[in-house]
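The values are calculated or read from the model by the stated rules, or taken from the named source; none is laboratory data. Source: prediction; values computed, not measured. Don't worry about glycine lacking a Cβ; one is built from the backbone with ideal geometry, like all the others, and counts go over all protein chains shown. The accessibility values were calculated without ligands, DNA or RNA, using every heavy atom of the protein model including side chains. Shrake-Rupley method; radii C 1.70, N 1.55, O 1.52, S 1.80 Å.
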Amino acid sequence: MDIRGLLLVNSGSIREDDLAFLASGPLGLLEIAGKSPLERMAERLQQYGIAPLTAIVETSSLSMANSFTASLGLNCITSTADRFWRTAESAFNDMAQSGAELVVLVRLGAYAEIDFEKLVQFHLDRGSRVSQAGHEGRKLDVFCISASRRNDAASLFRSQLSRCRSECPLVEDTGYMNPLAAARDLRQFAIDILTRQTQTCPAGEEIRPGIWMSRQAIIEKGARVLAPAFVGAYARIRTGAVVTRCASIEHHAQVDCGSVVENSSVLPYCYVGAGLDLAHSVAGMRQIANLRRDVTVEIPDPKLIDLISVTSGKGFLSSAAEFLTYLPRVAVQGIFAGGKRQQPDLNAALRRTSPSLGGAAGYETSACDSEATQKFPNMIVARRYGHQ
């Protein structure tokens, strides 16, 4: 049977007030533990024999389409927000005309590890025109559509997946599901991937039990990475830094000398300054979302949190071709507009690792100056002395 996949990625599937600091575009294109939700879902569909795949991506960055196609074998179609659903309907009709019998439609949004074999079999057994997956009573934007039922599909697309022209039975799925609707969900997704609560795995190679490292990542001598943890491609962990407790350092990010990253996600192209403690947070776009305080703050000091400038256009283009990620417009502007940032004096920070960490892997709590803690409550702490 000819079963094809249609993936939809648009910003309307997330609460932008919660995630505006992460990206000006869809969260489905943001790498988490080395792969984006789009890439993970495409791989899962292919594992079930659902191919070829077409992705409709809401973005004005046409140059990114080639990287999607190259890395996943996707037929990637970009669309503006006002034409997104028309483009999706047109892609469905093209599949039907080219011989598809069933189309599995997935909108990201939520990431759910659906049993697609069960979904398709249910659809065929019921003789349904459209079937929908659900999780614990919640409807997911995952559908199985008979390709011959174009009117039903048109009704679905024109209502932005909110209603169907005919009866749409619900198939309850018991697999892993993360709504990916807020920064807390993003952090939890990284934790679940690293602790193997999901069927999808971190990108790269497991160099030691629980420690995953992508190619061209650099962990300098004297730095410590404690399992479980992930270090993405071209990321750099500098001397004296510590990455621990399900921390995820995404591609091209940097953790400077003597800093501790605990239970946090450092997003692509994010710089974490020297001698800092970053805990229970998501850092990126010159901002920090602290999950315990449930607050997002902008960091104006580039010595604390910054965007890493890419001075070589050649280096930028090669990385774009190799990695599935979405660089928001503001990030792109920051990359090309920002000059080379002057690094702070790190001689003091290089002297020795913080004694609060000790020699044991079971790092409990950072020794923070109480005055600094009040100034940066549980988000990011600058140590009083450089040698700490």
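Things to note:
- Solvent-accessible area per residue, Å², over region 162-285 with all protein chains present [probe radius 1.4 Å]: 34 Å²
- Taking 0.36 nm per residue of sequence separation and removing the Cα-Cα distance, the residue 172/residue 154 pair yields an extension gain of 4.1 nm.
- If R0 equals 35 Å, the separation of the Cβ atoms of residue 295 and residue 162 corresponds to a calculated FRET efficiency of about 0.60.
- Normalising the average separation of contacting C-alpha pairs (under 8 angstrom, six or more residues apart) by the number of residues puts the relative contact order of region 141-219 at 12 percent.
- For the pair residue 126 and residue 83, the difference between a 0.36 nm per residue extended length and the Cα-Cα distance amounts to 12.2 nm.
- Under the criterion of Cα pairs below 8 Å and six or more residues apart, the relative contact order for region 202-307 equals 16 percent.
- Between region 221-270 and region 81-159, the alpha-carbon center distance in angstrom: 39 Å
- Amide H partners (placed H, <5 Å) of residue 242, local residues excluded: 224, 259, 260, 261
- For region 202-307, size of Cβ-based charge dipole, Lys and Arg +1, Asp and Glu -1, in debye: 200 debye
- Computed over the Cα atoms of region 202-307, the ratio of the radius of gyration to the Kirkwood radius (Rg/Rh) comes to 0.94.
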